[in-house]
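Student: One structure follows; several queries about it will come next.
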Amino acid sequence: MITCPVGHTCPSINKAIDILHDAMAEINEAVKQLERLSTETDFEGIEEMEGEIDDAKWNADTGHSRLSDVESLLEDLREENSQLREWGNDLNCELQDAENKINELELQET
């Protein structure tokens, strides 16, 4: 039995999308707060805002920037897709060989 070398890639794609959505939500919240603070001239709030923006840029769990987390996920996905493509190409070659063998056998019978 031929088995696929890579599982479904959708969970990796979903994880990358979730990271992007979370980061965008935090950035949007930070922008709203910055707009509010700019009208109040609240310097303490602006410092708090800098912290919020920093939180949006960094993943506390990994210690990496969120962009590098997404980039790493996408590179993994690129490798998985490359493996799938190679596997599919190999299967196609095997199929062509089998079809050629069938044609040869059919010609021998006639």
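Student: Would you confirm, using the coordinates I've provided, whether Glu44 is farther than 18 Å from Glu29 by Cα and either surrounded by 11 or more Cβ atoms within 10 Å (Cβ to Cβ) or at pLDDT below 85 (or both)?
Tutor: Numbers: farther than 18 Å from Glu29 by Cα: no; either surrounded by 11 or more Cβ atoms within 10 Å (Cβ to Cβ) or at pLDDT below 85 (or both): yes.
So Glu44 fails the test.
Student: Could I ask something else about it? What are the residues in region 65-94 that are out of contact with any helix residue (DSSP H, G or I) (no Cβ under 8 Å at 6 or more places or on another chain) and basic (Lys, Arg), if any?
Tutor: Arg78, Arg85
Student: Select, from Asp61, Asp97, Asp55, the only residue that is of a type in the set (D, E, K, R) and at pLDDT 75 or above. Steps first, answer last, please.
Tutor: Values: Asp61 fails: at pLDDT 75 or above; Asp55 fails: at pLDDT 75 or above.
It is Asp97.
Student: Take the conditions among the hydrophobic types (A, V, I, L, M, F, W, C) and more than 15 Å from Lys15 (Cα to Cα) and apply them to Leu105. Does it pass?
Tutor: On the way: among the hydrophobic types (A, V, I, L, M, F, W, C): yes; more than 15 Å from Lys15 (Cα to Cα): yes.
For Leu105, the condition - among the hydrophobic types (A, V, I, L, M, F, W, C) and more than 15 Å from Lys15 (Cα to Cα) - is met.
The values are calculated or read from the model by the stated rules, or taken from the named source; none is laboratory data. What you see is a predicted model, and the numbers here were worked out from it, not measured in a lab. Ideal geometry is used to build each Cβ from the backbone, glycine not excepted, and the neighbour counts take in all protein chains shown.
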